[in-house]
Each structure stands twice: as structure tokens, then as C-alpha cells.
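This report refers to the structure that appears directly beneath it.
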Amino acid sequence: MRLQEYWGIGPKTAELLEAELGAERAIEAIESADIRTLSDAGVSRGRATRILRRATGAAGLDLLGTGDTRDVYDDLLGLAAEEALTAHAADRIRVLTPLEGQEAAGTRLDRVDGAVDAWTALDDEERESVIAAFDRYDEADESRRAAVETARSLRTVGIGETAADGGTFARLAAVDTTALSEAADALGAVEGGFIGEDGVGEGALTVGAGADESLDSQRAELAAARRLDDAALDVLETVRGQGVRSLEEFQGAVIEYVATETGVGAGEVRAAAPDRARDETDFVTATLRSLVGELESNVADREAAVAGELREAIQAAGDDVAAAVDAVDELAFELSLARFAVAHKLRRPELVSDGLAVRGARNLFIGEGVQPVNYGVGEHSISRTDGPTPPSGDRVTVLTGANSGGKTTLLETLCQVALLASMGLPVPAAAAEVGEFDTVVFHRRHASFNAGVLESTLRSVVPPLTGGGRTLMLVDEFEAITEPGRAADLLNGLVDLTVDRGALGVFVTHLADDLSPLPASARIDGIFAEGLTDELALRVDYQPRFGTVGKSTPEFIVSRLVANASDRDEREAFRAIAAAVGEEAVQRTLSDAEWEA
């Protein structure tokens, strides 16, 4: 496959990658979702991420029906990547896409469940050991030796035993630890790229220092001889300074001096010396040149012998090395997803054919302490354990109620649940049933009466309802894009279209009283503000009340403004507004706040 056959790679990008990496390595980086390599080659991280998402899961991206849906998707993967154990695991998380079919999603959920079980079974000290092992692996640029060492470390803390019965980490459990130890020693002794993807192979090889004592000694002698050869005139002057009187004495002194400085035996130096020399200078230079040549030959022979032994050792463990590399990469990925699930208390959803329902759902983009909610649309069997049970069977819900009451947050939460489940990941809910969707349309409130905004919004949210696919509509305050009267008509039309096309939808609006009678398979739910706290913060019951129109209760907002007014004139102005919304209600709300005449 040529580089330009990948989505997003044009002639200029292809030329850049070929110049920096070579076509083969660039393709390998794309196929392995290696954002870092592409980024280091000069492709921006954002562009590299988009290229790799298309390369590894283009079909699944069709689920992301709007820009707002894509924003939630990006933010979810960014949040998950924060728990990654290695840079490559983070890259793989960032390029996850919705999977094609619930069978694939279920398979990934199985693997994440296994990883969660393994991670939570470790004590704190063992988890720190695992993190440290992956840190070392990351720092070593995920080399094969580092993979082998990491595999050994993981087996030491018991990860391998978790897999011994065929669980998530079965690949690691199958690796021969004795073979890994031998391979680690051999891999640590070589430098170069002679090891292929299968753990063995042919090619350039340099035996590293410490691999063989004899080779290290020979290399030291060669290095010393080269230094003398580079400074032959200094050797000449040093020996002359010893006061030798004849050429024979000079030659003997040179041999002794070279032997002492290099550690080479005097007999070996004498063998390298020429039988005849024109003068002292010729004798010194010829001796050193010949000695260097002999030592280079010795080093090459010994290096070849040691390399052969190391190659045999690595080849003997080739399958285990390859298995270790594969297992460590997969473990880094799966344990990273497990850490994400544990950190955010995610649970496995039940994948169903239709419907979307949650119990105890939380928005991942909001901090701790948020009230979990129950909600559902379509057919479902979520039962009540805490809080009301969402009705089952309604194809559309219209969500109404208080300002700052969490309506948009609930829409976003449902979007998070649908997207995570589509990628085979656990969701932020105590229980969830998630249907199979072809498109998720999440539309945030965009406050503008501009005709262009209305047109672009309709072009965004309507086409997914026309293709006959399974669509989930999550639309926030549609009325914000046009005048209220016409907005109610548009919303009625969108609700009717959603029902007619067999889609599911949740629509947030303040126009419940202006809507025409809804279809029989639609219901209205409401969120209610209940008052102000002692600190004058709005107190909201974020759990929607099913089949009830919510109230915006502006008296709470006005009450807070009256109580917090900075001076008398400002307070009088807000009191005038209070009169418009019902001063009695405002005064009642402010029973614990000072009301000055």
C-alpha cells in the first residue's frame, strides 16, 4: 500500500514521511497507530491522530453525526489517555473509534473487564511496581529488550498468574520466563537492528560492551594501538628520549614501549614489526600500522564468534521474545483502559438492540459530588434500586425545566454513554442498556437567530434521520437558533420526524407549553429547582420527573440577585424585576435572606 492511499496523506505529507522515515517505516507507524513517530517526523499531533483514526477505524467514525458529537468523542479519549501507562498506549487510546457491531464491542468489554480484575487484584505496592516497569519500558522507547524486562517484571508481581487460566493476559502467561531471562542477557549484549519483528532475523549487529571479557580486552588493546598510531611522531620522540644508541636498541625500545602502552604482548608487537625499515620513523609507523591491522582482524573474528553465540541464544528464545513484545504492548493498552475504568468508576453496559437507559449516571466532564440520575428512552429493562424508574417504550422525550438544572449535562451524559459503549468501553453509570446506533446526533445550544445558523443546524441534524439507519438524537434548546414561535413549529416537526423514522431522541426545550400535541410515543419530563441554599446557590433536583413539565422558576434567580445586590439602587432595580415574576414568591424564597425596604 502506498502512503497516499491513506486518508489525509497527500503528496506533501507523503514526501515528508518518506524523507524522514522511509515509506516502509511510515506505513508501519500508521498501521500500529504510532502518533509519536509521525509527530516526530513533522506531522502535527492533531493531524496524525485524524490520519490514524481513519486508517484503523474509518467506518466507525460515521457514528459521530455532528461536530458536537465529535467534541465529546475527542474529550472522552483525551480523558482516557490520561490514565495510559505508556506513550504508545496513549496513542492507541486516542485513535480508538466506534466498533463495527456489538459483537466487537462485547469482545473489547470482556478484555477490559479482565484487565480491571487484574488491576484491582493487585495491592498498592504491586501496582506501583507495574507502573514503574512500564515507565522503564517507555523510557527505553519500547525496545525489545525493554519489553522482555517488562514482561519479567509483570510476571514477578503476579500478572502472569492472573492469565494462567486463559484470562486476558494469556499471552504473557504462556511466555517461558527462563527463556526470557536468557534472551534479556543476549539482547542486552547487542546493539543494532538485526532482530526482526519475529524476534530473530539477519542484518547489522554490534556486540555491546560487557558481552564478552575477551572481546572487551581486545577492543581496549585496539583502541590503545590506534591512539599510538595517530601519534606516531610522539612515540618516536619518546623512545629517542630514552637515550638508545643503535637502531637495534631503538627497535627493541619501540616494541617494549608499544607493548606497555597497549597491553599487547611484546611477541605480538614484534611479529607486527617490519623486517626492514628505511629509518627509525619508518619502523615506528610501519609497526603501529601493522599492529592496528592485526588487532582489527582479531576483534572482528572475536566479535563474529560472540555475535553468533548471541544470535543463537536470541533465536532459541525467538518465539518468547516476540510473545513478550506483543503481550507487553497489549497489556499496556488494556491496563491503561482498566485504570481509566477504575479511576472514574465505570461499569460495563448491557448491549441491547434498541433503547438507551441509565441508572445512577454521571457526567465524566464534571467533578465529584454530582447527583447521579436515572433516565431512559426507548425500550429498556432498567429497574429501580435508587430513585425513579424511567418509563420504557417512549421513542422521544422532551426534557424541560429549570435554568442551570442540568438538562444539557444530561444530554452530554447520554452521549458519553452511547459513545463509550460503541467503542467497547465501560460507562459512567451504575447500570446501563445501550442500543446499537448508526449515528449519534448531539447538538448543543447555539444562541443565534442568524439564518445561516438555522440552515447549518438543520443540515446537521436532519440528514441522519433520512437514511433509514438507527439514529440517536440529543438536541439542546433548538429554539435558540430562531424566534420562539417558529422554533416550536420546527421542534414539533423534528420530534414527529424522529418518531416516524424509528429513531430515538431526547430534546431539551423551554417551549413545552407551545408545542402541539406530541406523538403517542413521546413524553415530557421535567427538572425542578427547589430553592436556594443558605449560601444562595440554586438548589436543583437533577433527577428528571417523568411525564411532568419542568419549571424554570425564575423567582429563584431573581431572589439571589436581590439578596446579592451591591447597593440600594441596584437592589431596587432587581425588586422591580421581582414584581414582574411575583414578588410574593421572591420574598418567600428569600425567607432566610435579608430583604431591605
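A few notes on this one:
- Scanning the stretch 249-282 for residues that are over 60 Å from the mean Cα position of the chain (by Cα), open to solvent by less than 40 Å² (accessible area, probe 1.4 Å) and among the hydrophobic types (A, V, I, L, M, F, W, C) yields PHE250, ALA253, VAL254, ILE255, ALA266, VAL269, ALA272, ALA273, ALA277.
- PHE194 vs. criteria more than 30 Å from VAL258 (Cβ to Cβ), surrounded by fewer than 18 Cβ atoms within 10 Å (Cβ to Cβ) and either modelled with pLDDT under 70 or among the charged types (D, E, K, R) (or both): yes
- Residue in the stretch 482-495 that is within 32 Å of the chain's Cα centre (by Cα) and buried (at least 24 other Cβ atoms within 10 Å of the Cβ) present: no
- Only one of GLU149, GLU100, GLU125 that is surrounded by fewer than 16 Cβ atoms within 10 Å (Cβ to Cβ) and either in contact with a His (Cβ under 7 Å, 6 or more places away or on another chain) or part of a helix (DSSP H, G or I) (or both): GLU125
- Pair list, Cβ < 8 Å and 6+ apart or interchain, from the stretch 120-148 residues that are free of Cβ contacts under 8 Å to residues at least 60 places away in the same chain and over 17 Å from ALA343 (Cβ atoms) to residues that are buried (at least 19 other Cβ atoms within 10 Å of the Cβ) and among the acidic types (Asp, Glu): ALA133/GLU149; ARG136/GLU149
- Single match in ASP91, ASP71, ASP110, ASP75 (criterion: closer than 23 Å to ALA421 by Cα, in contact with a strand residue (DSSP E or B) (Cβ under 9 Å, 6 or more places away or on another chain) and either assigned to a helix (DSSP H, G or I) or among the hydroxyl-bearing types (Ser, Thr, Tyr) (or both)): ASP71
- Complete set of residues in the stretch 35-50 that are part of a loop (DSSP other than H, G, I, E, B) and either out of contact with any helix residue (DSSP H, G or I) (no Cβ under 6 Å at 6 or more places or on another chain) or surrounded by fewer than 14 Cβ atoms within 10 Å (Cβ to Cβ) (or both): GLY42, VAL43, SER44
- The stretch 51-84: number of residues that are buried (at least 18 other Cβ atoms within 10 Å of the Cβ) and within 14 Å of the chain's Cα centre (by Cα): 9
- If you check ALA184, ALA223 for being modelled with pLDDT under 70 and either of a type in the set (A, V, I, L, M) or surrounded by 15 or more Cβ atoms within 10 Å (Cβ to Cβ) (or both), only one passes: ALA184.
- So GLU368, is it out of contact with any Cys (no Cβ under 8 Å at 6 or more places or on another chain) and without any contact (Cβ under 8 Å) to a residue 12 or more places away in the chain: yes
- Qualifying residue in the stretch 357-377 (condition: within 27 Å of the chain's Cα centre (by Cα), in a loop (DSSP other than H, G, I, E, B), among the small types (Gly, Ala, Ser) and at pLDDT below 95): yes
- Among the residues making up the stretch 5-38, a single one is of a type in the set (S, T, N, Q) and more than 16 Å from VAL95 (Cβ to Cβ): THR13.
- Pairs with Cβ under 8 Å, 6+ apart, first in the stretch 502-527 and open to solvent by 40 Å² or more (accessible area, probe 1.4 Å), second at pLDDT 90 or above and basic (Lys, Arg): GLY502/ARG395; GLY502/ARG470
- Look at the stretch 454-472: where a residue is farther than 10 Å from THR66 by Cα and a partner is modelled with pLDDT under 85 and buried (at least 18 other Cβ atoms within 10 Å of the Cβ), sitting 6+ places away or on another chain with Cβ atoms under 7 Å, you get LEU454/ILE481; LEU454/THR482.
- Residues located in the stretch 461-498, provided they are over 15 Å from ASP438 (Cα atoms), polar (S, T, N, Q) and at pLDDT 80 or above: ASN492
The values are calculated or read from the model by the stated rules, or taken from the named source; none is laboratory data. Worth saying up front: this structure is predicted, and the values here are computed from it rather than measured. Backbone-built Cβ (ideal geometry, glycine too); neighbour counts: all protein chains shown. Calculation scope for accessible area: heavy atoms of the full protein, side chains included, ligands and nucleic acids excluded. Shrake-Rupley method; radii C 1.70, N 1.55, O 1.52, S 1.80 Å.
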